[in-house]
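Everything on this sheet refers to the single structure shown next.
The values are calculated or read from the model by the stated rules, or taken from the named source; none is laboratory data. On a predicted model such as this, the values are computed, not experimentally measured, just so you know. We place every Cβ from the backbone using ideal geometry, glycine too, and count neighbours over all the protein chains shown. Surface accessibility is based on the protein's heavy atoms, side chains included, excluding ligands, DNA and RNA. Shrake-Rupley method; radii C 1.70, N 1.55, O 1.52, S 1.80 Å.
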Amino acid sequence: MASTSVHIESVTKQFGDFTAVNKVDISIAKGEFFTLLGSSGCGKTTLLRIVAGFMQQSSGRILFGDKPIDNVPAHKRNTGMVFQNYAIFPHLTVVDNIAYGLRARGLPSAQVDERVRKMLAMMRLEHLGHRRPRELSGGQQQRVVLARAIVIEPDVLLMDEPLSNLDTEMRIHLRSEIRTLQRQIGVTTIYVTHDQEEALMMSDRVAVMSAGHVEQIGSPADIFYRPRTRFVASFIGESNFMPAEAVADGVYAVPGGGRFNVPAARAAELGRKAEIAFRSHDITVGAPVAGGWTATVVDAQFYGATTRLVLDLGDGKTVQAASTGHAGSVPPPVGTRVGLALPPDAFWIFPEKR
Ligand SMILES: Nc1ncnc2c1ncn2[C@@H]1O[C@H](COP(=O)(O)OP(=O)(O)OP(=O)(O)O)[C@@H](O)[C@H]1O
Ligand SMILES: [Mg+2]
């Protein structure tokens, strides 16, 4: 069995006059772990179902390698699938459920046993192999579904929120197990989640989706550190936005007296009014400097490992600073005037929000 590249070419899906997926173009390399990330209703499941062959797109096409598969039925696409409501066989035990696809492919029974044993261990289901689905919890059933999809070593693995019903500990265990196994068997994987941490830690590349279209495709570091749109900056990580106004060539001012230098070409493109964004953990809070960027602490929230300060910049604008705590550190009390600093590569500038 060979892993294959997947090409989604200008795929659109209409439900009546509602566009659920809007001209999506994605090329996924052989062996890549690719994630569709976005909030509820943005079209992730619809797109995955089209790739799986459970739903026909309104226009555009899907290729596995250089082969268009739009007329290939779902069960002939050799995909492993984990869908939100893709049930396991109720009359078969856990072991038989996992072994099903391998037996159907005619694998010798010694190999079937070996692969099933490995899957049971990975999914922490060793002690439940003889049970039937109705004797399992929701999370245990979910792990059987995962095992069944992965064990056949498909050409393409499609997973829709496979960890969403599991507790935190199991989720953290399985996300690294799935990642490791995916690398080992080198199966091209399309993974759907609305959990950005999961997307960042598991993926080679991520497509951030919004309202049926792709906002940005990039490596986890790309989408985290180099968001290309305001939407991506606000969706990934914890960002602050401030109105900004050009006060000189390539210099924008924000409330509180902060000044930001922007390349002249970018400034020309943006015009006089813009918006500046930064991550809460990138800003440093210190003593105020005369003529510098200043704020007043209006709230200090202690979370143990981090402390968050809510900072009033004046003009009715507040932003947040997050800092890592250490023994003996004391946050400035509410009411303190503080000076703010942000490294030059830690902010992004976008067109003014309308
Ligand atoms: N069969 C359908 N008929 C009409 N509208 C549909 C149909 N299936 C999905 N939609 C709509 O298309 C949009 C995208 O749905 P989809 O299930 O792809 O979202 P999603 O990104 O997977 O969301 P979630 O994170 O909640 O699972 C939604 O607004 C949904 O209501
Ligand atoms: Mg969905």
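Take the Kirkwood radius over Cα pairs of region 238-351, plug it into Stokes-Einstein at 37 °C and 0.692 mPa s, and you get 225 µm²/s for translational diffusion. Peptides 277-285, 53-61 ordered by packing proxy, namely the average of other Cβ atoms within 10 Å per residue, highest first: 277-285, 53-61. Calculate what fraction, in whole %, of the accessible area of the chain sits on carbon and sulfur atoms when a 1.4 Å probe is rolled over the protein chains. After summing per-atom areas, the C and S share lands at 52 percent. Taking Cα atoms, how many degrees apart are the long axis of helix 168-185 and the longest axis of the chain, rounded to 10 and kept between 0 and 90? It works out to around 70 degrees. Compared with the direct C-alpha span, the chain from Lys118 to Val251 gains 41.9 nm at full extension, assuming 0.36 nm per residue. Averaging the sequence gap over all C-alpha pairs within less than 8 Å and six or more residues apart, then dividing by the number of residues, gives the chain a relative contact order of 16 percent.
Axis of helix 138-151 versus longest Cα principal axis of the chain: the two differ by about 70°, to the nearest ten degrees. A protection proxy built from the mean count of other Cβ atoms within 10 Å ranks the segments 201-211, 90-100, most packed first, as 201-211, 90-100.
Longest stretch of the chain clear of exposed loop sites (GluC sites (Glu not before Pro), DSSP loop, at most 15 other Cβ atoms within 10 Å, sites excluded): 1-237.
Dividing the summed helix terms, -39500 (n - 2.57) for each DSSP H run of n ≥ 4, by the number of residues in the chain produces a 222 nm estimate of -7500 deg cm²/dmol to the nearest 500. Using a Debye calculation, one point per C-alpha and no hydration shell, please list log10 I(q)/I(0) for region 1-81 at q = 0.17, 0.26 Å⁻¹ in order. The calculated log intensity ratios at q = 0.17, 0.26 Å⁻¹ are -0.66, -1.49. Let me know the charge dipole size of the chain about its Cα centre in debye, to the nearest 20, where only the beta-carbon of Lys, Arg (+1) and Asp, Glu (-1) is charged. That gives the chain a dipole magnitude of about 680 debye. Annotation: per residue accessible area for region 94-251 equals 43 Å², rounded to a whole number [probe 1.4 Å, protein chains only]. A crude spin-label estimate for the pair Ala87 and Glu177, with each label 7 Å from Cα along the Cβ direction, gives 2.5 nm. Inter-label distance, Glu126 to Ala221: 3.8 nm, where each label sits 7 Å from its Cα along the C-beta direction. Normalised by the number of residues in region 250-315, the average gap of Cα pairs under 8 Å and 6 or more apart makes the relative contact order 30 percent. Surface calculation, 1.4 Å probe, protein heavy atoms: Thr296 sits at approximately 30 Å² accessible. Over all distinct Cα-Cα pairs of the chain, the Kirkwood formula returns a hydrodynamic radius of 23.1 Å. Averaging the sequence gap over all C-alpha pairs within less than 8 Å and six or more residues apart, then dividing by the number of residues, gives region 24-127 a relative contact order of 12 percent. The modelled label-to-label distance between Lys273 and Phe302, using points 7 Å beyond Cα along the C-beta direction, is 4.2 nm. Sorted from longest to shortest, the spans of the Cα atoms of region 279-328 along the three principal axes equal 32, 21, 18 Å.
When the chain is treated as a GNM with alpha-carbon contacts under 10 Å, the residue of Leu158, Leu102, Leu136 showing the greatest mean-square fluctuation is Leu136. Principal-axis analysis of the Cα atoms of the chain puts helix 109-122 at an angle of about 30° to the longest axis. For the pair Gln56 and Ala322, a Förster radius of 45 Å applied to the C-beta separation gives a FRET efficiency near 0.45, rounded to the nearest 0.05.
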